[in-house]
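To start, the structure under review is shown below, and the notes come after it.
The values are calculated or read from the model by the stated rules, or taken from the named source; none is laboratory data. Just so it is clear, the structure is predicted and the values come from calculations on it, not from any experiment. Here Cβ is always computed from backbone atoms with ideal geometry, including for glycine, and neighbour counts include all displayed protein chains. SASA here: full protein model, heavy atoms, side chains in, ligands and nucleic acids out. Shrake-Rupley method; radii C 1.70, N 1.55, O 1.52, S 1.80 Å.
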Amino acid sequence: MNRAETLSIPARSPLGRFNPAQPGAAGMKVAATGLLLVMAAIFVVARAFEPGHPWLSYVKSFAEAAMVGGLADWFAVTALFRHPLGLPIPHTAIIPRNKDRIGDALANFLQSNFLIASVVARRMRHIDIATAAGRFLQAPAGEATRIRQGASRMIADLFESLDDERLGGMVKTAVATRIRAVEIAPVLGHALASAINEDRHVPMLETAIRWSARVLDHNEPMIREMVKKRANWVVKLAGLDEKMADAIIDGLRKLTLEMATDPTHPVRAKIEQALADLANDLQTKPETRARVEQMKNDLLDNPSVAQWIDSLWQKGRAALVKAARNPDAVLAGRLGEVLKSMGQTLERDPRLRIVINRFARRAVAGMAASYGGSIVRLVSDTIRVWDARTVTARLESAVGRDLQYIRINGTLVGGSVGLVLHLLDTL
């Protein structure tokens, strides 16, 4: 048994996930070694009985040459992976000694034949990614469902494994930075102007008027108390403070009622004009826009707003994980209908497929151009840190059956050549 058969590789090692061992390699090795021993036995027997049986010289020549051919091929095969018989013969153990050079050559081969942008683009020209994506989005069952479930579990595990504090901090910082970078005053001004032009502000104004009436009703005792405290002693002595409070409350109640029922009320008109002026100031006046920006920044600096953004992140993250854990439930609703519709569109629209395939081709080619060198270095550096004996054992097991066929063929071819030479010598 050779070292390739006895060496065990940990299941968690990089090579442990790659086991290309050919089946039947051990049996073929026994056959090759056994054939060599048979040739040796035939040679001994033929040599012993050759004086009494001259025809055995042909058998002896065949066996002798077969032993030479078999031993030569055994030496050649063994010298690829180790020193024959443990002797440090020059130019043996070729693979272990040249492991790093082999890794560099493999990396250069990958770069020259697979990781060139033009090569990648040419190979992807016949790959219809858009149609495959469309079928994937439409597939309700089968292999696509299993792939989707596997991808969903991977996404869920990824979100759960990431550092929530660090990732959440990145998300919250990105959101806050994005909000700070946007000047919201013109946006608010434009939105308010559009609402006024389309009378969408009227329901909000009427709601505010009704709210004012309710506030007045609920705070009537407080208003009466304020009037009583501010009235002088003459008014109180004449008993006019109560009448003043009644007049104020009745006047305010009448005002809110009239504003609620009369769309052309002067106070409503003034409020609408003030809103229109505000919309214009938000879009045109630098001082108004500066005040709004300062208010926005103060609001973002408030700890309560930071907690609110954090709660949004936590809810969004939980929703993503839940959806990823159960993709079929998500795809069964409206989102599933949207995705299926997208899949149908991808299959039926040739122009869209051309655009998507072109984008995918350019993206992959760009990645190859940008990261091809890094991938090559990764392959080369990874092979460099592998154990030489492990690499040797894996390579030997990958071609072990063919190597033993080389030994068998060498034994038979050597014997045939020896027999032919003996025939020529006797003629």
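In order along region 299-313, the Karplus-derived 3J(HN,Hα) couplings, from 6.51 cos²θ - 1.76 cosθ + 1.60 at θ = phi - 60°, round to 5, 5, 7, 6, x, 5, 5, 4, 5, 5, 5, 4, 5, 4, 5 Hz, and Gly and Pro are given as x.
Ala72 sits among other residues whose Cβ lies under 15 Å from its own Cβ, and their net charge, with Lys and Arg +1 and Asp and Glu -1, is -1. In this structure, Arg377 and Asp199 have a Cβ-Cβ separation that, at R0 = 51 Å, corresponds to a calculated FRET efficiency of about 0.20.
Computed in the context of the full set of protein chains, the accessible area of region 350-427 at 1.4 Å probe radius has 66% of its extent on carbon or sulfur.
For region 254-318, carbon and sulfur atoms together expose 61% of the accessible surface, with a 1.4 angstrom probe and every protein chain in place.
Count Lys and Arg as plus one, Asp and Glu as minus one, and take only other residues whose Cβ is under 14 Å from that of Val182; the net charge is then +2.
For a straight C-alpha distance cut-off of 18 angstrom, the lysines reachable from Lys172 (same-chain residues fewer than eight places away being disregarded) are Lys296, Lys315. Net charge of the neighbourhood of Gly414, taken over other residues with C-beta under 12 Å away and scored Lys/Arg +1, Asp/Glu -1, is -1.
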